[in-house]
Amino acid sequence: MNAKLSPALPSPTEAWGWMASELVRLPAEPCSLERAQGRVLSETLYARVSLPRFAHSAVDGYALAAGTGSSEFVVAGEVRAGAASVTPLKPGCAARIFTGAPLPAGADAVVMQEHVVRAADRVHLSHPPSVGQHVRRAGEDLALGDTVIERGTRLKPTHLALCRELELAALSVTRRPRVVVLTTGDELRAPGAHGAPGTRIDTNGPLIADLALQHGATVVARVALPDSRGTTELVLDQALREADVVFTIGGVSVGDHDHVRPAAESIGVRFTFAGVELKPGKPLSFGVRGGARLLALPGNPLSAWVTFMRFGVPLLRALLGQQPDLTRVGARLAEPILRRAGRTELVPARLVLNEDGALVWPIAARSSGSVVAVSRADALIEVSPETNALDAGATVSVLRCHEAE
Amino acid sequence: MKPNEVDVLLFAAARDAAGTGALRMEVPERGVDVTAFLGLLFHVAPALAPYARALRIAVNGCYTDGHDRVRPGDEVAVIPPVAGG
């Protein structure tokens, strides 16, 4: 066993398991279809009508009874799409029919117009038709009681089109998690603000807020905190009253100015874990106070992004009632990863799917403060603690980070 | 069975709620404690979450408390309490 491996810190999986046991789906609320895109369905939708609603023709041609064996029919009547009433077919007769038009009673097939010879009021068929041909049966796509959309699904425009087809006016969706983002550090300034020497632009706060929005949350506040214990306590206390989730960024190590953890404990936050056996992101901490959760992310942009993806996104997804885990795929490594066995490592990477399968490029980020690496990454390669260096061509486990689904 | 998997057996009401009597889950090589294991399980089988405080967990035939560990290759039994009259 590696001497550096601290038995006191949980593995990422164990830490997530502890977090997960504290997370329950937020309550549901009604939502009109107009505002439902990107919301998460809170109850499974079942079909209350069948689709198609009525049997109809898939082509332009002639509707007839195919079972009779006859090859000549008298053309009697015409049915167009949208026809309100349709006369039943008499024996020996065929009806002129157009795509989408309801099938007349007595007909069980449609013959394409290209496959008949029409003379006066009669059609002659060149091939014997089979029962059901070119007919879209009622309930063929969706029968009464079929599952339409599973609960926990994030609604896309195509889902909403289906809801409209089913004439649903409103849906029950999970309330959006209310999020507060707190950045810490006297050195941070807003973009455009006059920069004193030694200050840096706060990219983390906006980044985490934007990612939370992208994953279905509402950001109720974003605040930059000074390195002061008292202010940290005050603001954190208020944030925990208003939010379902507070993300803090920075101030969570053990430096003299790292106030987040002691401040949180002094206002009643119970930490489920403080530190994870993970690189980058070892200081990551999670706590609960009442119905509010606190995820304390490390301060440098790369670590903040990695830990938000690995823990923050699943947290929001669990509150929304979605399956929490990021999509995991196997991929071949395009370039080697140099490392020693020790902690679980999440390596920012770029994933390419082509006809040869999945190929993944680790993004070199020697400085863990690199926002450049973050901007290029769309995936994380997960390397298990016992793994030493990995050669190009090795198969690795990759978490996809690119899209909110 | 993949190297890092555990077999999970569900009994009685837990089986009915989850809709299956057995499933497989992946755990890290050094395992996770029972508290974390339940957190992972509830997101694989969300229907079990309402029973969170009532479920008893046995690993390889022995009842556990929250600090016992579940390791790859273990057999985990999830047992709801026996209902009283």
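Structural remarks
- Boolean, residue A:22 is at pLDDT below 95, open to solvent by 10 Å² or more (accessible area, probe 1.4 Å) and closer than 29 Å to residue A:171 by Cβ: yes
- If only residues of region B:24-33 that are surrounded by fewer than 17 Cβ atoms within 10 Å (Cβ to Cβ) and among the acidic types (Asp, Glu) are counted, the one that is nearest to residue A:311 (Cα to Cα) is B:26.
- Qualifying residue in region B:3-23 (condition: open to solvent by 50 Å² or more (accessible area, probe 1.4 Å), under 28 Å from residue A:382 (Cβ atoms), within 14 Å of chain A (Cβ to nearest Cβ) and out of contact with any Pro (no Cβ under 8 Å at 6 or more places or on another chain)): no
- Among the residues examined, residue A:248 qualifies as under 26 Å from residue A:372 (Cα atoms), surrounded by 15 or more Cβ atoms within 10 Å (Cβ to Cβ) and among the polar types (S, T, N, Q).
- All positions within region A:207-245 that are within 12 Å of residue A:263 (Cβ to Cβ), open to solvent by less than 40 Å² (accessible area, probe 1.4 Å) and not in a helix (DSSP H, G or I): A:225, A:228
- Residue match in region A:26-37 (condition: basic (Lys, Arg), farther than 30 Å from residue B:53 by Cα and surrounded by fewer than 21 Cβ atoms within 10 Å (Cβ to Cβ)): yes
- Number of residues in region A:4-19 that are within 15 Å of residue B:43 (Cβ to Cβ) and either open to solvent by 60 Å² or more (accessible area, probe 1.4 Å) or assigned to a loop (DSSP other than H, G, I, E, B) (or both) equals 0.
- Of all residues assigned to region A:253-266, at least one qualifies as being β-branched (Val, Ile, Thr) and surrounded by fewer than 20 Cβ atoms within 10 Å (Cβ to Cβ).
- Flag for residue A:349 being surrounded by fewer than 20 Cβ atoms within 10 Å (Cβ to Cβ) and either of a type in the set (A, V, I, L, M) or within 30 Å of residue A:29 (Cβ to Cβ) (or both): no
- Among residues of region B:34-48, those that are open to solvent by 20 Å² or more (accessible area, probe 1.4 Å) and more than 7 Å from chain A (Cβ to nearest Cβ), counted: 3
- Residue list for region B:28-85, restricted to those being farther than 28 Å from residue A:342 by Cα and in contact with a Cys (Cβ under 9 Å, 6 or more places away or on another chain): none
- Residue match in region A:305-317 (condition: within 14 Å of chain B (Cβ to nearest Cβ) and open to solvent by 30 Å² or more (accessible area, probe 1.4 Å)): yes
- Residues that are modelled with pLDDT of 95 or more, aliphatic (A, V, I, L, M) and loosely packed, with under 15 Cβ neighbours inside 10 Å number at least 3 in none of the strands (runs of 3 or more DSSP E) confined to region A:80-162.
- Exactly one residue out of A:17, A:92, A:77, A:82 is within 14 Å of another protein chain (Cβ to nearest Cβ), free of Cβ contacts under 8 Å to residues at least 40 places away in the same chain and either more than 30 Å from residue A:384 (Cβ to Cβ) or not polar (S, T, N, Q) (or both): that is A:17.
- Members of region A:373-405 found to be modelled with pLDDT under 85 and either of a type in the set (Asp, Glu) or out of contact with any His (no Cβ under 8 Å at 6 or more places or on another chain) (or both), listed by number: A:402, A:403, A:405
- Scope region B:51-62; condition free of Cβ contacts under 8 Å to residues at least 12 places away in the same chain and within 11 Å of another protein chain (Cβ to nearest Cβ); matching residues: B:53
- Residue list for region A:372-405, restricted to those being surrounded by 17 or more Cβ atoms within 10 Å (Cβ to Cβ), hydrophobic (A, V, I, L, M, F, W, C) and either within 14 Å of chain B (Cβ to nearest Cβ) or over 24 Å from the mean Cα position of the chain (by Cα) (or both): A:383, A:390, A:399
- Qualifying residue in region A:167-186 (condition: over 26 Å from the mean Cα position of the chain (by Cα), surrounded by 14 or more Cβ atoms within 10 Å (Cβ to Cβ) and in a loop (DSSP other than H, G, I, E, B)): yes
The values are calculated or read from the model by the stated rules, or taken from the named source; none is laboratory data. Keep in mind that what you see is a predicted model, and the values were worked out from it rather than measured. Counting neighbours? That spans all protein chains shown, and the Cβs are built from the backbone with ideal geometry, glycine included. All accessible areas refer to the heavy atoms of the entire protein, side chains included, with ligands and DNA or RNA removed. Shrake-Rupley method; radii C 1.70, N 1.55, O 1.52, S 1.80 Å.
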